[in-house]
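Since the structure comes first, as structure tokens, the remarks are kept for the end.
The values are calculated or read from the model by the stated rules, or taken from the named source; none is laboratory data. Values in this document were obtained by computation on a predicted structure and should not be read as measured data. Neighbour counts run over all protein chains shown; Cβ positions are idealised from the backbone, glycine included. Note: areas computed on protein heavy atoms with side chains; ligands, DNA, RNA excluded. Shrake-Rupley method; radii C 1.70, N 1.55, O 1.52, S 1.80 Å.
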Amino acid sequence: MHVLLALVWLLVVVTGLWGVKFGPHSDELTIINPARRAVLRATVVPHWYFYPSLCFDICLASLIPDAAALIISRPLSEFQLSLFRRAAAQSFVIRMRSVSVVITSLAMVWTYLLVLLWRKRAGEAILAAAILGLSWETAYHGRFFTPDPIMMQFGALEMMFIVLSFVRARRGGLFLRVAALMAGLAAGSKYPGGALIVPVLVAHWFLSRQEMKPFWLEAGVLCMVFFASFLATTPGIIHEFPLLVQELRQEKHIYDKGFLYFAVSPGWGHFKKIVFYFMTAAFSKYVFISVFFFAMAVIGWGALWKKDPRMAVVLSSFPLTFLGYFTLQATFFPRFYLVVFPFAAIFAAEGCRVVQEKFFPSVRARHGFVAAISILLAINATWLVEAAHSIAVRGETNYLADLRGFIAENPRKTFLLSEGIRRQLTKAGGVPSNANARSSDPFDLAAVNSVEVVDWPYVGTGLTDRWFGPYEINFNYYPNFINFRIVLLPYKQAKRLSIFQTEPNR
């Protein structure tokens, strides 16, 4: 199984690196630019705390090879400017995305080891790792040099050490301290990652009861380790605390008020969005696969409460705390919930085991169930290759020709065209007969250039039917992404867009 894990990990890393040249990403620059300014200012603190500083630290660490080469090859007087030029180059952005791909991919390794140590079942361990690593949501978010995938990796690593504290009880205290250290690094990636200290304290509570030891003294030590780890990544907040408070207020304002088409109703409305996302998108690009693994996760989570309630509490404490906090916010970003993915993958693998043992008693039936799950994972793996390829050839593909071909292949469907698409098709040889931009009759689908719309009213599965363009992101959930694509929408969704709300003349 170790070999199989290595193969899956290699696929995830290779496809991730293959797709790192996907174009601009505005959020990355908010993290990389402080590191660039730090080079010019000759400082090791970002003077910017909208996010904590671990990603900033990774940027500076990634410049060490350049600094070493420049010290050897350039006069000292030119060193700082030369290093800044390297940091300012687009190649440095690509390097940071590559670093993110590798760091993110480690989450599946920690998930594999966690389940293997806990369950002693290599098959269940590789399944949990593959569910996590072959998810398209995990893969494309991992290409973005943003805090969330890095926080996810530290979360998975922390949980592995927590499991070790139960499995190797004699050294349980040491492993919990290491877990607290990882929780601090997660918080250093993004402030809400601080909630990862909760499962550490929950695990300590169980172990202290088991060993008849006092809870509070060691709990204080664990919290100290956590805060020390966090401060080691973000030391600037000690002497720039007012700046931290100011920028946290700005961040809280975004979360509280909602942001563009990512705005949702706090509470029940936000909770439904999260559940729908995990059900229809988190586990796969294909809805039926995602629904299947979501159902397995629910089954596995429920079964765990009956079979091993102690571990159920430990594994559930963080997702419930984290998601409970975010349901109170008014902004829904899919990448916020990436840190929960390893937990969901663990529950899904457990659910598959439960279903196999309960409903497939014979050896042949069990092998058939395993084969069916393997096919679903193979579909996910194939999609990662296809998505990475679509990014690699994005500058060489005629998306308008792809749209024309799709319209021709579906003569019984009618297509409403945006004005921009209609003009492009007219210049390229004419508008197909089943595509009309000047009728108010109902249509099956509508086609629009993504750059024509600035007020997408809906974010989630079902926004689009498909699109012709790179698959560097799930456009259903990130309609503000800059790269050009031709989007096909269900007619009922198109009617919500401003460019289609005025009925065109017959």
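Tell me, what are the semi-axes, in whole angstrom and largest first, of the equivalent ellipsoid of the stretch 137-216 as set by the roots of 5 times the Cα gyration tensor eigenvalues?
Whole-Å semi-axes of the equivalent ellipsoid: 28, 12, 8.
Compute the relative contact order of the chain as a whole-number percentage, counting only Cα pairs closer than 8 Å that sit 6 or more residues apart in sequence.
Here the relative contact order equals 16 percent.
Please give the helix 26-41 orientation as an angle from the longest Cα principal axis of the chain, in degrees from 0 to 90, rounded to the nearest 10.
For 26-41 against the chain, the angle is about 60 degrees.
If you fit an axis through the alpha-carbon atoms of helix 76-88 and take the longest principal axis of the Cα set of the chain, what angle between them do you get, 0 to 90°, nearest 10?
On a 0 to 90 degree scale, this one is about 60.
With a ≥ b ≥ c taken as the square roots of the eigenvalues of the C-alpha gyration tensor of the chain, please select rounded if a/c is under 1.5 and otherwise prolate if a/b is larger than b/c or oblate if it is not?
It is oblate, given that a/c is not under 1.5 and a/b is not larger than b/c.
Towards the positive end of the charge dipole of the stretch 294-367, with charges on Cβ (+1 Lys, Arg; -1 Asp, Glu), say which of VAL340, THR321, TRP305 has the farthest Cα.
The listed residue farthest towards the positive side: TRP305.
Cα axis of helix 122-133 to longest principal axis of the chain: angle in degrees, 0 to 90, nearest 10?
Approximately 50 degrees, to the nearest ten.
On the protein heavy atoms, probe 1.4 angstrom, tell me the percent of accessible surface of the chain carried by carbon and sulfur.
Heavy-atom surface of the chain belonging to carbon and sulfur, 1.4 Å probe: 65 percent.
Please state the charge dipole magnitude for the chain, taken about the Cα centre, from unit charges on C-beta atoms (+1 on K and R, -1 on D and E), reported in debye and rounded to the nearest 20.
620
Using a probe radius of 1.4 Å on heavy atoms only, what accessible surface per residue do you get for the stretch 322-473? Whole Å² is fine.
Averaged over the residues of the stretch 322-473, the accessible area is 43 Å².
Note down the relative contact order for the stretch 175-218 as a percent, whole number, built from C-alpha pairs under 8 angstrom at least six residues apart.
Here the relative contact order equals 29 percent.
What are the equivalent ellipsoid semi-axes of the stretch 186-279, built from the alpha-carbon gyration tensor (square roots of five times its eigenvalues), in whole angstrom, biggest first?
After scaling each eigenvalue by five and taking roots: 31, 23, 10 Å.
What net charge do the residues around PRO470 carry, taking every other residue with its C-beta under 15 Å from that of PRO470, with Lys and Arg at +1 and Asp and Glu at -1?
+3
State the extension gain, in nm to one decimal, for the chain segment bounded by TYR325 and GLU357, taking 0.36 nm per residue of separation less the distance between their alpha-carbons.
8.0 nm
With loop defined by DSSP as not H, G, I, E or B, and exposure as at most 16 other Cβ atoms within 10 Å, which is the longest segment of the chain clear of exposed GluC sites (Glu not before Pro)?
Counting at most 16 other Cβ atoms within 10 Å as exposed, the longest clean stretch of the chain is 1-210.
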